[in-house]
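Note sheet for the following structure.
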Amino acid sequence: MNAINRIPATLIGVSFAIFLAIWGKGGGRSDGGAVESPSLVAFSPNRQLTARIRRTEYGVPHITAKNLESLGFGVGYAYAEDNICLLADQIVKYNSQRSRYFGPGSDPDQGNVENLITDFSYLALEIRAQAEAGFPLMSDNSRALFSGYAKGYNQYLQDTGISNIDPRCANQPWVKPITPVDLVTYSLGFALLAGVESFLAPIFLAAPAAVDPSPTMVTASSASASGKAAPERFKLDDIKNKLLQKNPLELGSNGWGLGKELTENGGGMVLGNPHFPHTGALRFWQFHTTIPGVLNVIGASLCPAPGIVNIGFNENVAWTHTVSTAEQFIVYQLDLDETDTTGLTYINGAHQTITSKVLTVDVMVAPNTVVSYEKPVYYSEFGPMIEADELLPWDDNKAYSIKDANQTNFDIVDHWLAMNLAKTMDEFKQAFRDFDGVIFVNTLAADKKGNTFYIDDSTVPDLSDAVTTALETDSAIQATRKELGFHILPGVSEYDYNTSVPYEDAPKLENTTFVQNSNNSFWLTNPDTPITGVSRLYGRVDEQQSLRSRLGQRLLTDSAGADGKFNLAEVVDALLNNRNYLGEEVLKDLLTHCRGAASVTVDAGKVDISAGCTALSNWDGCMNLNSTAAHLFREFAQQFSNDPQWSNAFNASDPLNTPNTLLQNKRTLEHFANAILKVEEAGLELDAELGEVQFVERSTVEGFPTGVKLPWGGANNTEGGFNVFRPDMGSNRTLIPRHTYPTLENSQLSAEGAGYHINSGSSWIYVVNFTDNGPIAEGLLTYSQSSNPESPYFLDQTQLYSIEPQLRPIRFAPIQFTEQDIEDNKISDIEVNDR
């Protein structure tokens with residue numbers, strides 16, 4: 001029998017009471033007639049997995065099961081329906097098999113061997129071995145979800161057939177059934193995203209002076225079927241100085257938790273607005289999971305989340321996350337023993353040896369020809385060795401090693417599951433006491449009683465008090481942190497750590513007004529009660545706030561109704577009205593200044609700024625579809641960000657209002673003149689509407705432009721927007737083909753693309769308000785639910801936003817109320833079973 005069974009028509013539209021009777025409540029009545037509370041069951045008692053998947057408009061799946069294993073099964077099945085290629089690609093990546101299926105890199109003859117770097121470095125980090133050893137020791141709940149999810153993915157692949165899946169990966173040899181250990185490997189690798197993943201190339205390159213870090217072909221694996229001999233070694237010249245910066249993907253977010261003192265009805269509210277890539281492995285996916293009487297939660301998650309909601313709400317608590325400023329890793333500088341000419345001995349009290357092991361990776365060197373290559377990787381007692389030429393050299397005197405606090409983090413699923421299950425704010429907070437699995441994010445929450453909670457419980461090294469003090473007082477440590485963006489500490493035991501910072505010492509705040517974060521540190525979570533006195537590894541206090549953070553704080557003070565309190569519509573409007581902080585601060589002065597000068601001389605020559613000044617005078621100050629000359633102001637903002645011209649400098653005693661006041665000087669006019677030149681270089685009119693120059697354009701299956709450009713409203717970090725979008729020219733962490741347009745120097749404009757090609761920014765957006773009738777919410781997945789170009793859910797939400805920035809209703813059925821909203825908006829209803 002096929003694993004998909006249709007729900008009988010007689011059951012469509014049944015009440016929730018009948019629904020529970022059909023699916024069971026996990027409990028029965030006691031002798032006294034009281035209903036027993038159902039309990040959470042991990043594994044299916046009879047090993048038969050069954051889940052019901054109903055999809056409402058825009059393809060949102062509502063998945064119901066009796067236990068976690070069956071729930072994971074349903075979620076894995078539904079996710080594979082929408083995004084099978086993304087998951088398959090990442091399984092290959094974290095299992096160090098990219099070179100086997102895709103070759104050594106995009107251009108190995110020129111040293112572009114990114115697949116070799118990824119494969120060898122993840123092998124060096126030992127995430128697969130850790131998954132194999134750790135999976136049997138994980139909690140029943142985690143193992144049940146991972147096991148069920150893998151089976152659900154595999155069942156979809158079996159039911160559909162590899163020829164009939166997403167055409168971008170149909171019939172590809174790298175799309176295979178997966179195991180729970182594959183998913184745990186992925187999870188362990190993903191946990192390193194904000195840490196050691198930025199050092200994959202330095203891990204790959206690390207070697208003492210006498211050792212060539214290039215992989216060497218294993219003897220006896222030789223000839224290519226094409227007749228071209230496989231290289232003995234691969235050229236590495238172009239990656240010698242490759243050291244990725246912290247947060248290379250510019251991940252960010254806005255998050256609010258509003259308490260009863262700031263909401264009209266006294267119930268808590270949450271705004272979630274992560275800014276993530278719109279293509280590739282960091283796409284959110286919306287879904288709703290229910291185990292009747294036990295679990296009922298809706299929201300969105302990144303993969304791999306085997307049935308757990310990362311950002312969302314249940315009947316009692318809502319939460320969101322923002323990327324933290326905290327550091328999850330430490331780089332250690334090792335003092336080498338100069339008498340050891342091999343460079344493999346360092347001093348940590350006694351002499352310590354840098355160890356090595358040889359790793360092997362299979363590489364496709366021609367169609368149907370796979371050759372094995374090997375190379376040594378090196379370790380200190382702290383972790384893998386890293387090298388990046390002048391920045392982090394391995395010379396006669398010193399070498400460097402990295403230790404990531406998220407290495408072997410098996411708490412991820414248990415932590416988010418506890419949040420998903422929380423019935424009170426106290427239970428929600430207990431999740432952070434019991435687990436340490438939110439890896440690199442802040443958490444902001446509000447409950448139905450109007451309480452709010454903030455914590456940065458990202459996984460941060462728990463250094464000794466003496467070392468924590470040194471971070472604040474040692475000028476050499478501080479100088480290195482300022483230059484590189486991360487800490488380098490002496491490679492001696494006194495500076496080592498064995499655990500992460502405990503709950504009690506993490507920055508946190510509770511109140512009934514608000515908590516907020518827009519990717520500055522914890523300090524001004526609520527400016528009325530600044531947070532201080534925590535480890536420097538979490539970020540800084542007394543620091544200048546970003547323009548986006550300042551706008552977020554302003555929106556909290558001026559966007560509520562006349563009563564000074566928010567309702568749902570007012571929070572949605574605050575998010576989507578596309579204001580920008582810089583424009584509100586400087587536009588009036590900039591217009592006054594430019595009207596007083598007809599032309600300005602810059603490096604490119606004399607520039608007539610009069611037409612630009614006229615165009616800008618008609619700008620409405622927002623970044624909406626019909627905002628004329630908004631792009632001209634953005635280009636001014638780009639110039640301004642590189643060399644700000646403020647009259648009044650930052651003042652830590654007035655951080656939300658400083659720096660301020662535009663300097664009306666020659667440099668400001670030069671910024672404006674250069675902005676005009678950028679717009680003209682891109683071939684755009686100075687007074688064009690933003691919807692004419694900012695667009696979303698999808699790629700064909702082969703990765704070429706479709707030519708269909710959807711107008712796109714929204715701001716950018718450059719001008720201090722809140723609802724922000726941007727072109728992303730970097731890797732989207734997959735090898736699935738896509739197109740991008742080259743941008744002009746010092747600009748996000750593309751002449752080839754004729755504007756701003758949006759493929760990153762506001763992603764899963766939602767606002768929820770707790771009411772007497774349960775949580776009421778609106779949301780949107782800006783890039784839509786499915787990455788499969790043949791799916792009906794590939795572009796539908798994107799088209800909705802393109803018409804006008806807007807959200808849509810979130811269909812949620814609180815246990816104590818009817819689920820009729822889901823039934824009335826249902827577009828499909830299936831039951832899936834394993835065989």
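The values are calculated or read from the model by the stated rules, or taken from the named source; none is laboratory data. All values derive from a computational prediction rather than experimental measurement. Virtual Cβ from ideal backbone geometry, glycine too; neighbours counted across all protein chains shown. Keep in mind that these areas ignore ligands, DNA and RNA; they rest on the heavy atoms of the full protein, side chains included. Shrake-Rupley method; radii C 1.70, N 1.55, O 1.52, S 1.80 Å.
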Going by the structure shown, is residue 385 of a type in the set (A, V, I, L, M), modelled with pLDDT of 95 or more and over 30 Å from residue 339 (Cβ atoms)? no
Can you name every residue in the range 296-349 that is among the β-branched types (Val, Ile, Thr), open to solvent by 10 Å² or more (accessible area, probe 1.4 Å) and in a loop (DSSP other than H, G, I, E, B)? 325, 339, 341, 342
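Hey, could you check the range 694-703 for residues that are among the hydrophobic types (A, V, I, L, M, F, W, C) and assigned to a strand (DSSP E or B) and say which is surrounded by the most Cβ atoms within 10 Å (Cβ to Cβ)?
As a first pass, look at the range 694-703 and keep what is among the hydrophobic types (A, V, I, L, M, F, W, C): 695-696, 701.
Within this subset, residues satisfying the condition of being assigned to a strand (DSSP E or B) are 695-696.
On the way: 695: 19, 696: 22.
Only one residue fits best here, namely 696.
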If I filter the range 272-280 for residues that are at pLDDT 95 or above and more than 16 Å from the chain's Cα centre (by Cα), do I get at least one hit? no
Unmet criterion (only one of (1) in contact with a strand residue (DSSP E or B) (Cβ under 7 Å, 6 or more places away or on another chain); (2) open to solvent by less than 30 Å² (accessible area, probe 1.4 Å)) for residue 374: (2)
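Can you tell me which residue within the range 45-66, out of those that are in a loop (DSSP other than H, G, I, E, B) and among the charged types (D, E, K, R), is farthest from residue 312 (Cα to Cα)?
Kept after step one, since they are in a loop (DSSP other than H, G, I, E, B), are these residues of the range 45-66: 45-49, 65-66.
Now drop any that are not among the charged types (D, E, K, R), which leaves 47, 66.
Numbers: 47: 30, 66: 21 Å.
Among those that are in a loop (DSSP other than H, G, I, E, B) and among the charged types (D, E, K, R), it is 47.
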Within the range 704-751, the residues that are within 21 Å of residue 677 (Cβ to Cβ) and either among the aromatic types (Phe, Trp, Tyr) or assigned to a helix (DSSP H, G or I) (or both) are 718, 719, 741
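Looking at 492, 501, which is the one that is without any contact (Cβ under 8 Å) to a residue 60 or more places away in the chain and not charged (D, E, K, R)?
Numbers: 492 fails: without any contact (Cβ under 8 Å) to a residue 60 or more places away in the chain.
None of the other options fit; the residue is 501.
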Out of the range 485-512, which residues are open to solvent by less than 40 Å² (accessible area, probe 1.4 Å), assigned to a loop (DSSP other than H, G, I, E, B) and polar (S, T, N, Q)? 512
So, in the range 89-123, exactly how many residues are assigned to a strand (DSSP E or B) and either open to solvent by less than 10 Å² (accessible area, probe 1.4 Å) or in contact with a Gly (Cβ under 8 Å, 6 or more places away or on another chain) (or both)? 1
Taking the range 421-454 and the residues there that are acidic (Asp, Glu) and within 17 Å of residue 142 (Cβ to Cβ), the one that is surrounded by the fewest Cβ atoms within 10 Å (Cβ to Cβ) would be 434
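Conditions (1) out of contact with any Ser or Thr (no Cβ under 9 Å at 6 or more places or on another chain); (2) closer than 18 Å to residue 625 by Cβ; (3) of a type outside the set (Asp, Glu); (4) touching a residue at least 60 places away in the same chain (Cβ under 8 Å), marked per residue:
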{"residue": "704", "(1), (2), (3), (4)": "yes, no, yes, no"}
{"residue": "715", "(1), (2), (3), (4)": "yes, yes, yes, yes"}
{"residue": "718", "(1), (2), (3), (4)": "no, no, yes, yes"}
{"residue": "756", "(1), (2), (3), (4)": "no, yes, yes, yes"}
{"residue": "771", "(1), (2), (3), (4)": "yes, no, yes, yes"}
{"residue": "782", "(1), (2), (3), (4)": "no, yes, yes, yes"}
{"residue": "785", "(1), (2), (3), (4)": "no, no, yes, yes"}
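Would you call residue 640 under 30 Å from residue 530 (Cα atoms) and either part of a helix (DSSP H, G or I) or open to solvent by less than 50 Å² (accessible area, probe 1.4 Å) (or both)? Show your work before the answer.
Values: under 30 Å from residue 530 (Cα atoms): yes; either part of a helix (DSSP H, G or I) or open to solvent by less than 50 Å² (accessible area, probe 1.4 Å) (or both): yes.
For residue 640, the condition - under 30 Å from residue 530 (Cα atoms) and either part of a helix (DSSP H, G or I) or open to solvent by less than 50 Å² (accessible area, probe 1.4 Å) (or both) - is met.
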Please work out if residue 741 is open to solvent by 10 Å² or more (accessible area, probe 1.4 Å) and within 30 Å of residue 318 (Cβ to Cβ). no
Is it the case that residue 137 is over 30 Å from residue 791 (Cα atoms), surrounded by fewer than 24 Cβ atoms within 10 Å (Cβ to Cβ) and among the hydrophobic types (A, V, I, L, M, F, W, C)? yes
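From the list 160, 185, which one is open to solvent by 20 Å² or more (accessible area, probe 1.4 Å) and of a type in the set (Val, Ile, Thr)?
Just a single option satisfies the conditions, and that option is 160.
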Residue 554 vs. criteria under 26 Å from the mean Cα position of the chain (by Cα) and either on the phi > 0 side of the Ramachandran plot or part of a helix (DSSP H, G or I) (or both): yes
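Just to be sure before I move on: is residue 601 part of a strand (DSSP E or B) and touching an Asp or Glu at 6+ places or on another chain (Cβ under 9 Å) in the structure I sent?
Here the answer is yes, as residue 601 does meet what is asked.
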If we scan the range 12-20, do we find a residue that is open to solvent by 40 Å² or more (accessible area, probe 1.4 Å), modelled with pLDDT of 85 or more and farther than 26 Å from residue 282 by Cα? no
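Give the residue, chosen from 626, 651, that is exposed (fewer than 15 other Cβ atoms within 10 Å of the Cβ) and in contact (Cβ under 8 Å) with a residue 24 or more places away in the chain.
On the way: 651 fails: in contact (Cβ under 8 Å) with a residue 24 or more places away in the chain.
Exactly one residue qualifies, and that residue is 626.
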Note: among 683, 707, 691, just one is open to solvent by 10 Å² or more (accessible area, probe 1.4 Å), out of contact with any helix residue (DSSP H, G or I) (no Cβ under 8 Å at 6 or more places or on another chain) and closer than 30 Å to residue 170 by Cβ, namely 707
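Quick one: is residue 141 closer than 26 Å to residue 827 by Cβ and either in contact (Cβ under 8 Å) with a residue 12 or more places away in the chain or of a type in the set (A, V, I, L, M) (or both)?
Details: closer than 26 Å to residue 827 by Cβ: no; either in contact (Cβ under 8 Å) with a residue 12 or more places away in the chain or of a type in the set (A, V, I, L, M) (or both): yes.
Answer is no for this residue.
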Residues located in the range 106-138, provided they are touching a strand residue (DSSP E or B) at 6+ places or on another chain (Cβ under 6 Å) and without any contact (Cβ under 8 Å) to a residue 24 or more places away in the chain: 106
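In the range 756-824, which strands (runs of 3 or more DSSP E) lie fully inside it and hold 2 or more residues that are surrounded by fewer than 23 Cβ atoms within 10 Å (Cβ to Cβ)? Outline the logic, then answer.
Details: elements: 760-762, 764-771, 774-781.
It comes to 774-781.
Residue-by-condition table, conditions (1) touching a residue at least 12 places away in the same chain (Cβ under 8 Å); (2) farther than 19 Å from residue 121 by Cβ; (3) under 25 Å from the mean Cα position of the chain (by Cα):
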residue: 309; (1), (2), (3): yes, yes, yes
residue: 313; (1), (2), (3): yes, yes, yes
residue: 339; (1), (2), (3): no, yes, no
residue: 345; (1), (2), (3): no, yes, no
residue: 352; (1), (2), (3): yes, yes, no
residue: 385; (1), (2), (3): yes, no, no
residue: 394; (1), (2), (3): yes, no, no
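Could you tell me which residue of the range 245-271 is nearest to the chain's Cα centre (by Cα), considering only residues that are open to solvent by 10 Å² or more (accessible area, probe 1.4 Å) and of a type in the set (A, V, I, L, M, F, W, C)? Spell out how you get there, then give the answer.
Narrowing the range 245-271 to residues open to solvent by 10 Å² or more (accessible area, probe 1.4 Å): 245-251, 260-262, 264-266.
Now narrow it down to the ones that are of a type in the set (A, V, I, L, M, F, W, C): 249, 251, 262.
Values: 249: 9, 251: 6, 262: 29 Å.
Looking at the filtered set, the residue picked out is 251.
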